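Beneath this line is the structure, given in structure tokens, with notes to follow.
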Amino acid sequence: QVQLVESGGGLVQSGGSLRLSCAASGILFRLYTMGWYRQAPGKQRELVAAITRGGSANYADSAQGRFTISRDNAKNTVYLQMNSLKPEDTAVYYCNAYLTVVNGHWGQGTQVTVSS
């Protein structure tokens, strides 16, 4: 059974930092591209950052320079370090594991709220 369990969300003031974690089980983690997505109320889910199995990372323009994605294949865990948080970063953040278009998985999400 595949599980992606996010943690680390919470309430933080504008300018603060949070570190999200996503622990994966039931997959060969090292083979998957791992991503963080977010969905704010009334908006579509959007990609925040992704990291390939080779360690190459890409970021949404809104995350570039403030967020850092990383992975630890020994721990089957992907992280998202978020600095200089803004109120517009408020959303539910979801972890995604992608191998192919028919082999992908989502976590249950973790709420991030940034107060002004």
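The values are calculated or read from the model by the stated rules, or taken from the named source; none is laboratory data. All figures in this text were calculated on a predicted structure; none of them were measured in a lab. Neighbour counts are summed over all protein chains in view; Cβ atoms, including those assigned to glycine, are modelled from backbone coordinates with ideal geometry. When the accessible area is computed, the model is the full protein with side chains, heavy atoms only, and any ligands, DNA or RNA have been set aside. Shrake-Rupley method; radii C 1.70, N 1.55, O 1.52, S 1.80 Å.
Just a few scattered comments:
- Only one entry of Leu47, Leu28 meets the criterion of being more than 22 Å from Gln1 (Cβ to Cβ), open to solvent by 30 Å² or more (accessible area, probe 1.4 Å) and of a type outside the set (Gly, Ala, Ser), and that entry is Leu47.
- Check on Ser62, surrounded by fewer than 17 Cβ atoms within 10 Å (Cβ to Cβ), closer than 14 Å to Gly109 by Cα and of a type in the set (Ser, Thr, Tyr): no
- Residue tally, condition under 28 Å from Gly26 (Cα atoms) and either assigned to a strand (DSSP E or B) or touching a Ser or Thr at 6+ places or on another chain (Cβ under 7 Å) (or both), over segment 40-92: 26
- Taking each residue of segment 46-57 that is over 14 Å from Leu80 (Cα atoms) and looking for partners that are in a loop (DSSP other than H, G, I, E, B) and open to solvent by 50 Å² or more (accessible area, probe 1.4 Å) with beta-carbon atoms closer than 6 Å, six or more apart or interchain, yields nothing.
- Gly35 being part of a strand (DSSP E or B) and either within 12 Å of the chain's Cα centre (by Cα) or surrounded by 12 or more Cβ atoms within 10 Å (Cβ to Cβ) (or both): yes
- Checking each residue of segment 78-98 against the condition of being more than 23 Å from Gly16 (Cα to Cα) and of a type in the set (Val, Ile, Thr) gives no match.
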